[in-house]
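Presented below is the structure to which this report refers.
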Amino acid sequence: MTRSEQTEKPQKCELFDLIVENFPVGLIILDRHGKILEFNPAAQAITGYKREEVIGIYCHDVFPGVPCRLKRQKKQKDAGGNKIFVHLEGTITHKNGHEIPVCYTAAPLFKDSELKGAIAIFRDISNEKKLEQHRRVLISMFAHDLKGPLAVAGGLLTRMRQGKAGPLTTKQCQYLDSIINEIAKVDGYIKTFLDIIRMEAGQITLSKKECSLQRIVQDLVHEISIKAKENCTKLKVDIPDDIPGVLADQEQLQRVLYNILDNAIKYSGKGAEVSISCQDIGEFVLCCVEDSGPGISEEDLPYIFDPFYRANYSKGVEGTGIGLAIVKTIIEAHGGKVWVKNKTPPDHGAIFCFTLPKAS
Ligand SMILES: Nc1ncnc2c1ncn2[C@@H]1O[C@H](COP(=O)(O)OP(=O)(O)OP(=O)(O)O)[C@@H](O)[C@H]1O
Ligand SMILES: [Mg+2]
């Protein structure tokens, strides 16, 4: 670097102003009380507010829907020693009252261990949302259109199997049974896939009522017992008699538990132990399914709930990778959460847990 270049280097304050002014995404800096200190031109363009209208005002007064209260922010790092920050998709209210979809990342600002304020950057994602919606419509139309020809093929094959197109040999009957079976599976996958898309778009209305987890689990254990026997799986249920009812769509809740239990049996191998437990944890009921299988490796953990994701070891096991995606969509549509962790060594196996709001 030459001497003249060195002298041209902006001072820290000037550099800070330059960055704020030219930052290509919205930037808000708050003081430790949550009042707005900085509001750059990109933030003004997204929200419609002028800088001078918001400086010195509490962020939550200007943007009521955004969680920008700092009072409870005591810690700089989480239990794992990582700096705390939030990365969320949400909406921000434009000055004209419209909701703008945004993606924002926010972090508290600490000096030593004293909270000095917070910084947030955000981006208008209206275009991405429109594209996503367009893609969703296209995919659901495609999936929906596949159902017609499948239904026709399935119907004709069933008639053929019934001998309506002439006598069949035993071998032909076996082949037709297998084909009809496979067609029914594809039809089921399409239905599940369409359900995910509709649920994500908020187009499925859940018919929620008070459901008894004890009852649902009992019925399900009965239903799945043949599969469990084939795998020599020991099923254990630990649900207290006085467990409160949950507010859920019974059919969808059965689907959640079926998928998690099916996986536990399928991936744990012969002779495994699978236990189902429920606990009252205040506003929610916590439900966990533990198995004694291989568990889930660190690299698979972040993707396990993504549609069509399957870990390498599952390639030889029948499945499409859609079960856990539907579990996540259903639980979140009920206002609950779902997660997975591994048992602590030397024990091995996966623990899938979800929460659902109590009915009362
Ligand atoms: N209990 C478990 N133990 C180990 N791995 C699991 C367990 N449950 C799920 N997985 C992993 O997560 C992946 C995704 O599960 P998911 O239920 O979504 O799909 P799948 O079982 O492969 O197919 P299907 O759509 O028929 O359910 C599985 O392929 C497997 O790799
Ligand atoms: Mg599955």
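One table, with the values for the structure above:
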{"item": "Options 188, 166, 148: the member that is exposed (fewer than 11 other Cβ atoms within 10 Å of the Cβ), under 26 Å from residue 319 (Cα atoms) and at pLDDT below 95", "result": "148"}
{"item": "Filter result (among the aliphatic types (A, V, I, L, M) and either within 16 Å of ligand 1 (Cβ to nearest atom) or at pLDDT below 90 (or both)) within segment 246-266", "result": "256, 257, 260, 261, 264, 265"}
{"item": "Qualifying residue in segment 192-214 (condition: in contact with a helix residue (DSSP H, G or I) (Cβ under 6 Å, 6 or more places away or on another chain) and farther than 27 Å from residue 151 by Cα)", "result": "yes"}
{"item": "Close pairs (8 angstrom Cβ cut-off, 6 or more residues apart or separate chains): without any contact (Cβ under 8 Å) to a residue 40 or more places away in the chain in segment 122-140, of a type in the set (Val, Ile, Thr) and outside any helix (DSSP H, G or I) anywhere", "result": "125/102; 126/100"}
{"item": "Selection within segment 274-307 - among the aromatic types (Phe, Trp, Tyr) and more than 8 Å from ligand 1 (Cβ to nearest atom)", "result": "284, 303"}
{"item": "Given (1) farther than 16 Å from residue 326 by Cα; (2) free of Cβ contacts under 8 Å to residues at least 60 places away in the same chain; (3) in a helix (DSSP H, G or I); (4) away from ligand 1 (no atom under 12 Å from the Cβ), index of the condition residue 243 fails", "result": "(3)"}
{"item": "Condition met for residue 65 (at pLDDT below 90 and under 32 Å from the mean Cα position of the chain (by Cα))", "result": "yes"}
{"item": "Segment 318-352: number of residues that are modelled with pLDDT of 90 or more, more than 12 Å from ligand 1 (Cβ to nearest atom) and under 18 Å from residue 293 (Cα atoms)", "result": "1"}
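The values are calculated or read from the model by the stated rules, or taken from the named source; none is laboratory data. This one's a predicted model, so the numbers in the text were calculated from it and none came from an experiment. As a convention, Cβ positions derive from the backbone with ideal geometry for all residues, glycine included, and neighbour counts pool all protein chains shown.
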